1. Only one of 163, 241 is within 15 Å of the chain's Cα centre (by Cα) and crowded, with 21+ Cβ neighbours inside 10 Å; which?
2. How about the range 139-150: which of its residues are surrounded by fewer than 20 Cβ atoms within 10 Å (Cβ to Cβ) and either within 15 Å of residue 120 (Cβ to Cβ) or within 17 Å of the chain's Cα centre (by Cα) (or both)?
3. Against the condition without any contact (Cβ under 8 Å) to a residue 40 or more places away in the chain, surrounded by fewer than 18 Cβ atoms within 10 Å (Cβ to Cβ) and not in a loop (DSSP other than H, G, I, E, B), how does residue 136 come out, does it pass?
4. Looking at (1) surrounded by 15 or more Cβ atoms within 10 Å (Cβ to Cβ); (2) out of contact with any strand residue (DSSP E or B) (no Cβ under 7 Å at 6 or more places or on another chain); (3) outside any helix (DSSP H, G or I), can you tell me which one residue 217 breaks?
5. Would you say residue 105 is closer than 18 Å to residue 19 by Cα, at pLDDT below 95 and part of a helix (DSSP H, G or I)?
6. Quick one: in the range 46-55, of everything that is on the phi < 0 side of the Ramachandran plot and assigned to a loop (DSSP other than H, G, I, E, B), which residue is farthest from the chain's Cα centre (by Cα)?
7. Tally the residues that are more than 21 Å from residue 194 (Cα to Cα) and out of contact with any helix residue (DSSP H, G or I) (no Cβ under 7 Å at 6 or more places or on another chain), restricting the search to the range 226-243.
8. Only one residue in 211, 203 is surrounded by fewer than 16 Cβ atoms within 10 Å (Cβ to Cβ) and in contact with a helix residue (DSSP H, G or I) (Cβ under 8 Å, 6 or more places away or on another chain). Which one?
């Protein structure tokens, strides 16, 4: 079970607070999206701009890390929290922009093994530099080779091929939301790539996943939040579900 952007149903996505909450809820793996700042840092942010999560019109790739660190990435999730006298005090550091390095440190220091599913976002002005910086960072932790707790995901087969050249032993997940995406990627993909369909694709085209599983392809599905969808994934032999609700999903899977 993989926590999508952390425990993002209850906490502000991609913040350290969301990931620590997911770990406390028993998440076996953490999912994050990464973008590159203007000064070369990988940060955990989904959208190209900051309107939704930090109340800013600016674009992540045009900003330096020091500028991002001045922004509040958490209050959008619970905008009236300051008016709740009974709410527990929160650590402001848990709601700031999260660098991928800091997330990797949290995983490395945790008291049990935790996997990482890292998605590189495209298109971006930095193109292949994103994957190069990602592999460099994983190498700093000794996680760019066999036995790494990290796998790399992307909707771009070009990005995955870059990662394969840079770190041949990392697991790769090809994300898709259309019924023909997997077939169209086949001339460019390798046989060991993991399939990463969205839950809507599973609902409408379960036979596609059945064919994948029959061919020996491992399947990881996003974003699975409803019990009926968990049951569907289980019935189809899905290896990993990516969810906004790690605690609830884990309890249901274990019931």
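1. Working: 163 fails: within 15 Å of the chain's Cα centre (by Cα).
Of 163, 241, the one residue that is within 15 Å of the chain's Cα centre (by Cα) and crowded, with 21+ Cβ neighbours inside 10 Å is 241.
2. Within the range 139-150, 143, 148, 149 meet the criteria.
3. Working: without any contact (Cβ under 8 Å) to a residue 40 or more places away in the chain: yes; surrounded by fewer than 18 Cβ atoms within 10 Å (Cβ to Cβ): yes; not in a loop (DSSP other than H, G, I, E, B): yes.
Yes; evaluated as a whole, the condition is true for this residue.
4. Single failed check for residue 217: (2).
5. It is false that residue 105 is closer than 18 Å to residue 19 by Cα, at pLDDT below 95 and part of a helix (DSSP H, G or I).
6. Top of the filtered list is 50.
7. The qualifying residues number 2.
8. It is 203.
The values are calculated or read from the model by the stated rules, or taken from the named source; none is laboratory data. Since we're looking at a predicted model, the values are computed, not measured. Cβ sites come from the backbone with ideal geometry, for glycine too, and all protein chains shown count toward neighbours.
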